[in-house]
Amino acid sequence: MLLYAIPLLGVLALIFTYVKSAWVAKQEVGNERMAGIAKAISDGAMAFLRAEYKILAIFVVIVAILLAISGASEENSSALVGLSFIVGAFCSALAGFIGMRVATKANVRTTNAARHGLGKALEIAFTGGSVMGMGVVGLGILGLGTLLLIYSNMYGFEGQAAAVKVINVVTGFSFGASSIALFARVGGGIYTKAADVGADLVGKVEAGIPEDHPLNPATIADNVGDNVGDVAGMGADLFESYVGAIVGTMVLGTAFMAGQIAEGTSFMEDGFNGLSAVLLPLVLGGVGILTSIIGTFFVRVKEGGNPQKALNGGAIGSSVVMVILSYFIINWMLPKSFSYTDVLYGGKERTITSLGIFIATIVGLIAGTAIGFITEYYTGTGKKPVMKIVRQSSTGAATNIIAGLSVGMMSTAWPVLILGASIMISFACGGLYGIAIAAVGMLANTGIQLAVDAYGPISDNAGGIAQMADLPKEVRHRTDKLDAVGNTTAAIGKGFAIASAALTALALFGAFMTTAKISTIDVSKANVMAGLFIGGMLPFVFSALAMGAVGRAAMAMIEEVRRQFNDIPKLKAALALMKKNGDKPVEEWSADEQKTFHDADGSAEYGKCVEISTKAALREMVLPGVMAVVVPVAVAFMPGLGVEALGGLLAGVTVTGVLMAIFQSNAGGAWDNAKKSFEEGVDINGKMYYKKSDPHKAAVVGDTVGDPFKDTSGPSLNILLKLMSVVALVIAPLLVPDQPSASIKKEEIKTKTEVVSTLSTTEVK
């Protein structure tokens, strides 16, 4: 019955998604001008998704065919692994589509609500974000649960051999999700940063016009990019982490069935035919849907209240409920104490308790939260690291950039120490399974976490629409208040995403070792050392490709914006008047000047900038995505390297990738908020500096460097290291026959019971 109940929880999440999406659609759009701007943003976002998915469809079909062929030739797999890949890719793409669609509806409705008050605006923005969040977890649980149900009926699900085969076929789902996620992150990041850099450098620095000004041709593309990168991209990222953590834990759960139990207690008597450890991550994910829904009801704010407290209330409320329910679920499903033979550690007997597994889940939740808040410290406005960058902006862009790099590098220390501690504690509590379940615990409330994250770009878009529609200042003030909170939630979300990526990658790494029958990875071996170096190098090459892509796309965008400013007479005349009048309100200009200024409205060719970002993103995203899939396969099957070198590769890419992701994301976030600090005014050596000052211009340059760090290469690295682990896990069954030395012979395993003697050589070699 449990196998049937899990997909139903996914259906519940999708019903919630539909209801909330319909509610957002019923809210008032506002005036005609607001509706027109929102339509331009929506059309640009959907056009990009359609173009992206057309390209990805070709990739999905080719990879699915290859997987089906390889799976059909392997006893512990099946050609249906190709179908799992297609379903995973489809669910990931659908989650991005759902989130993008509602976000582009919620932005203008948030703007309109802000005309009347803060509370309603927050409700609409958060509801739009919750559609993204619940859509991700709903499709993840529904997809995994349905495939598990179908394959268990086809191949059986009793006994270790049958369970291993079913889960090996299901791993294709995670591979599909990871592939789409990487392309979505890279493509979306290139899109948004190309537009952002063009809008900032030419609009702000050269032309001196405010952000989101209707005279800036790159404004619409910039707002489209917020949705493409921070809604669809972030959604795909956490969807992939969510699914990967569950699948990795399920694979490791099968080890308990093989290892058996000491002291006369059989794991097969757990009430779930020995499958309790396999099913537990799915159950926790499903229950997380319920707690996330409960958390949405805690998000309320009165007029004049603090939106941050409201959002924190939802996230904390959901987490508390999840902790309580996790305790009872784990104690219900797992034996209170059981011992098993850990085939990954030379046949060592390991004793685990249900309490230990519960502690591991709490450790994961605490680690993710802690890293999120550390990220907020290093990137938050007014915090010491950001103020360091602000002060060094007074001597120019060079010192600003040096300070930002320093902050980013230093910000890696505490997150890595926390990750290290959480790994050690989780391992002590439950071995590699404990590490994997910690990742599941961290991601169990993905629904509410992603809702809070997606709220940010919706609020950002709402402010942009208010600016472009020339709404009263108090409207922009309310949207800015929401956006400021969104910046904080985005920073915490990025830290959370990095932490979840690290633990998920370790879970998948352990699953790979289990499937490939690797007991140890000896770094003294030449092939393993070679794999380590290749893995350590890949995040640098990947980042270089992403940064280079942004640079090339940004150059094209800058040239286009400059062309329009110089070649479109109405734009040129309006910009000249803005420079002439400085900060003087338009209402105080002469009648002729006002007419000239207003006549320029709508003369900017937004579509050409949207086209530049779209083409650049689609062209540049292919190579990094293909590299992440091809390199693990090449290392695994290359003569002289093989499966152990592949293990070294995964270790190298995980360590370097996590460090690079933290560094780039935090450096970029710090640069961003250093720039924004000048909007309110900052005191540097007793003198106040504001927007358009020389230090502010230096900060804009620093932010321009940091933007691709925090929104393109940094977040994409999260997916890179997970995708490579998933690829390794999928091909692992093909590698077992070629590595007899990596397996453990049955006679080498010593246990306290006679149960082990009943094991077949097909279960433990």
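Across all Cα atoms of segment 643-713, the radius of gyration (one decimal) and Dmax (whole number) stand at 17.9, 61 Å. Rounded, prolate or oblate: which fits segment 1-137 when a ≥ b ≥ c are the square roots of the eigenvalues of the alpha-carbon gyration tensor, with rounded for a/c under 1.5 and prolate only if a/b beats b/c? Note, shape of segment 1-137 comes out oblate. Partners of Lys525 within straight-line reach, counting lysines whose Cα lies under 20 Å from its Cα and excluding those fewer than 8 residues away in the same chain: Lys517.
When the distances between all Cα atoms of segment 162-250 are binned every 10 Å from zero, what whole-number percent does each bin get? Values per bin, smallest distances first: 17, 32, 21, 15, 10, 4, 1. In terms of the mean number of neighbouring beta-carbon atoms within 10 Å, the peptides 379-390, 568-579, 659-670 order highest first as 659-670, 379-390, 568-579. Close amide H pairs (under 5 Å, H built 1.01 Å from N) link Lys348 with Asp342, residues at least 5 positions away or on another chain.
Partner lysines whose Cα lies under 22 Å from the Cα of Lys336, excluding those fewer than 8 positions away in the same chain, are identified as Lys348, Lys752.
Can you compute 3J(HN,Hα) from phi for each residue in segment 697-710, using the Karplus curve 6.51 cos²θ - 1.76 cosθ + 1.60 with θ = phi - 60°, rounded to whole Hz and x for Gly and Pro? With coefficients 6.51, -1.76 and 1.60, one gets 4, 5, 5, 5, 5, x, 4, 5, 5, x, 4, x, 4, 7 Hz.
Taking the square roots of five times each eigenvalue of the Cα gyration tensor of segment 562-666, the equivalent ellipsoid has semi-axes of 56, 18, 8 Å, listed largest first.
Too long at a 22 Å Cα-Cα cut-off: which of Lys494/Lys691; Lys579/Lys691; Lys309/Lys722; Lys494/Lys615; Lys676/Lys697? Write down the numbers at each step before the final one.
Working: Lys494/Lys691 27 Å; Lys579/Lys691 14 Å; Lys309/Lys722 33 Å; Lys494/Lys615 27 Å; Lys676/Lys697 11 Å.
Table pairs above 22 Å Cα-Cα are Lys494/Lys691; Lys309/Lys722; Lys494/Lys615.
Taking one quarter of the surface of the C-alpha convex hull of segment 618-664 gives a mean projected area of 4.0 nm².
Which order, highest average first, do 627-638, 226-237 follow once you tally other Cβ atoms within 10 Å for each residue and take the mean per peptide? It would help to have the intermediate numbers written out before the result.
On the way: 627-638: 19.1, 226-237: 29.3.
Those peptides, ordered most packed to least, come out 226-237, 627-638.
Protection proxy ranking, highest mean first, for peptides 546-554, 165-173: 165-173, 546-554, where packing is the per-residue count of other beta-carbon atoms within 10 Å, averaged. Its Kirkwood hydrodynamic radius, worked out from the mean inverse distance over all distinct Cα pairs, puts the chain at 26.3 Å.
For segment 514-627, report the translational diffusion coefficient in µm²/s to the nearest whole number, using Stokes-Einstein at 10 °C, 1.306 mPa s, and a Kirkwood Rh over Cα pairs.
Numbers: Rh = 19.0 Å.
The estimated diffusion coefficient comes to 84 µm²/s.
Using alpha-carbon pairs under 8 Å, 6+ residues apart, how would you state the relative contact order of the chain in percent? Numbers along the way, then the final one.
Numbers: 1520 pairs, mean separation 157.9, N = 765.
Value for the chain: 21 percent.
With a threshold of 22 Å on the Cα-Cα distance, the over-threshold entries among Lys481/Lys675; Lys105/Lys383; Lys384/Lys675 are Lys105/Lys383.
Computed 3J(HN,Hα) for segment 283-299, one whole-Hz value per residue from the Karplus formula 6.51 cos²θ - 1.76 cosθ + 1.60 where θ = phi - 60°, is 5, 4, x, x, 5, x, 4, 5, 5, 5, 4, 4, x, 4, 6, 7, 8, glycine and proline marked x.
Read-outs throughout are calculated quantities, based only on the coordinates presented, and are distinct from any laboratory measurement. Small disclaimer: the values here were computed from a predicted structure and weren't measured. Note that we place each Cβ from the backbone using ideal geometry, even for glycine, and neighbour counts take in every protein chain shown.
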